[in-house]
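Let me begin by presenting the structure, written as structure tokens, before commenting on it.
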Amino acid sequence: MSRAYRVCVRETQSHIIHAEDHVHTQLEVLAVLPPEQMAELLAGALERRGFQREGTRLSRKQNGVTIAVETTTATVKVAAEASEETTIQAERSNLAYDDAGPHAKVVRENLKKQLEKDITRTVGEKTAHLQAKVTHHLEAELNNVRQELDQVVHSVTVEALKCKAAQMGRIKEITEDPQARSLTIVVEV
Amino acid sequence: MQSVSRFEANLLRLLGYFLYREPPERALPLLEERCAAPPCLHSNAVRLIKNALAKGCVFLLAQRGGWRRERFLRGSRSVEGRLWERTPPAELGLTFSAHTLRFLIWITAHRLDDTAHAWCAPEKELTLGDRLLLYFAYERLRNGAERMGASALRMQGPFRHHALCWLAFPGDYTAMPASAGPNFAPWTHGAGACLLEALQPDLARRWIEVESSKEGLADPQAMRMLGLAQEHVLTAFLDAIEPIGRMDLARFLLQTAAALLGPHAHVGMWTAQLNLAGLRVADRVATYQAATSFLRMLDRLQTWERRARGVGYFDEDYAASQLWKADWEQAQGDRLVDRARAIVQQLSPLRQA
């Protein structure tokens, strides 16, 4: 009667997993003034809200989300990313007819291949989990970003209208109703 | 009574099928059969082929839209009437080269998916008549013989760049490599542009079908590929007609928009069944953009209309501008664009948040 030997293979691997998500969109800035002036007004409004200027591009990072605005084209990129170092341990065992002979070697090789697959699958699952977290985080932040960008566009439009009115004549009166988001400018031409 | 061989009879039957003169049940079995090609065709058969091409193509063009009294550009003025009234029939003549005959012999002798004996013809040697027959043949085969290898046909040389096939069936070209773009040059000048005029109702019907099919599309990847193919072909088409001032050839796009963007048009008509669960926001946005590729393209047509408003009577492209303005007004273009923008806006990532 032959004896069976248990062959056990363990493997530990470290992986850095990375996930990112982003959104591109366009700000609806009315062309009240020439494009260069509108871009400058937009840049100014963003700077007042803590955006850092790099040429025509302004960006700010908050709560793990980066908002980048290209002022010449009024395009916005909102991006979130995360990295995580993870250690994955896996173990598999099977029976062999010998202890260190040819069958044990074959079994060990097969177990190693299975372990590789297990680890790859686990890495995939962890990446998907991290990706879902990043996406969820970005979605949650988009609401705040939208409100903030709406306010930016509104203030840029108001500034542009004031400039335009000043170019047309002497401004006699400006009435602004923040609740109704309306602006009345009386100009003497 | 003219007698022909078995092979020639099969060939004539297939040609009749492509020209809508034979029903599918009589022609499709022939695509399954392999019939060895003879060294040459009998003069009787050649005469019958010529006759079928001459009558069949003209009949189809007239039936598809050539009969309609429409207004299109002819040089620096717009002309109203049926196709043969807008252009003298002598100038509408189609020429068929030996490639048409070779194609018919090939399709009679080989299966559509026979890659070992694939049919090939140099793109530059094809005449307008060849291209038109290929269009009708492809239309019939994709509808009737998709499972017999019609999909393999579009991967073959002349079909890869066949602009009319691209334009009528963008959904069939989703798997094309980036290098295989449509070649619109033959369809924007002379008789080629006349054929495009005659096929306007066809193209409008096809685009309405494609856009309507999006409502039932669940796979985001399929939607992205369809949207990319649509964007690819429309960009190439509009780029081809804009510099030569033939905006009137894009009339079918306005007709499509008018049919789709009624007062009750809503975002669900493009995205109702899309399964976006588990997708990244970036992928969702890309899918929505693909779903609305046609709607976003309307902005470009509006730009043409705005530019046309500034063209004066003594300007060179006055007639083209007036015609486009008339088309735009008839389709109520501004209203359509407003509705299209509202739908695109609803799918904007920052609007949905």
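A few points about this structure:
Conditions (1) under 21 Å from B:Asn143 (Cβ atoms); (2) not in a helix (DSSP H, G or I), marked per residue:
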| residue | (1), (2) |
| --- | --- |
| B:Pro201 | yes, no |
| B:Ile208 | yes, no |
| B:Met223 | no, no |
| B:Val233 | yes, no |
| B:Phe237 | no, no |
| B:Gly245 | no, yes |
| B:Leu253 | no, no |
| B:Leu276 | no, yes |
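- Residue within region A:72-79 that is within 14 Å of chain B (Cβ to nearest Cβ) and surrounded by fewer than 18 Cβ atoms within 10 Å (Cβ to Cβ) present: yes
- Top-ranked residue of region A:24-34 - restricted to ones that are surrounded by fewer than 18 Cβ atoms within 10 Å (Cβ to Cβ) and not in a strand (DSSP E or B), ranked as farthest from the other protein chains (Cβ to nearest Cβ): A:Pro34
- Lone qualifier among A:Ala180, A:Ala160, A:Ala140 - being out of contact with any Phe, Trp or Tyr (no Cβ under 6 Å at 6 or more places or on another chain) and in a loop (DSSP other than H, G, I, E, B): A:Ala180
- Region B:252-284, residues that are more than 14 Å from every other protein chain (Cβ to nearest Cβ), within 30 Å of A:Glu20 (Cα to Cα) and crowded, with 20+ Cβ neighbours inside 10 Å: B:Trp270, B:Thr271, B:Leu274
- A single member of B:Leu112, B:Leu141, B:Leu153, B:Leu132 is touching a Cys at 6+ places or on another chain (Cβ under 7 Å) and of a type in the set (A, V, I, L, M), and it is B:Leu132.
- With a requirement of 3 or more residues that are closer than 15 Å to B:Cys194 by Cα, the helices (runs of 4 or more DSSP H) lying completely within region B:34-140 that satisfy it span B:43-61, B:83-86.
- Single residue of region A:1-23 satisfying the filter (surrounded by 15 or more Cβ atoms within 10 Å (Cβ to Cβ) and of a type outside the set (Val, Ile, Thr)) that is nearest to A:Glu70 (Cα to Cα): A:His22
- Residue within region A:126-134 that is within 14 Å of chain B (Cβ to nearest Cβ), in contact with a helix residue (DSSP H, G or I) (Cβ under 8 Å, 6 or more places away or on another chain) and buried (at least 16 other Cβ atoms within 10 Å of the Cβ) present: no
- Residues located in region B:188-230, provided they are surrounded by fewer than 18 Cβ atoms within 10 Å (Cβ to Cβ), among the acidic types (Asp, Glu) and closer than 15 Å to B:Leu295 by Cβ: B:Glu215
Values quoted throughout were computed directly from the atomic coordinates according to the rules given, and no laboratory measurement underlies them. Owing to the predicted nature of the structure, the values given are computational and were not obtained by experimental measurement. Virtual Cβ from ideal backbone geometry, glycine too; neighbours counted across all protein chains shown.
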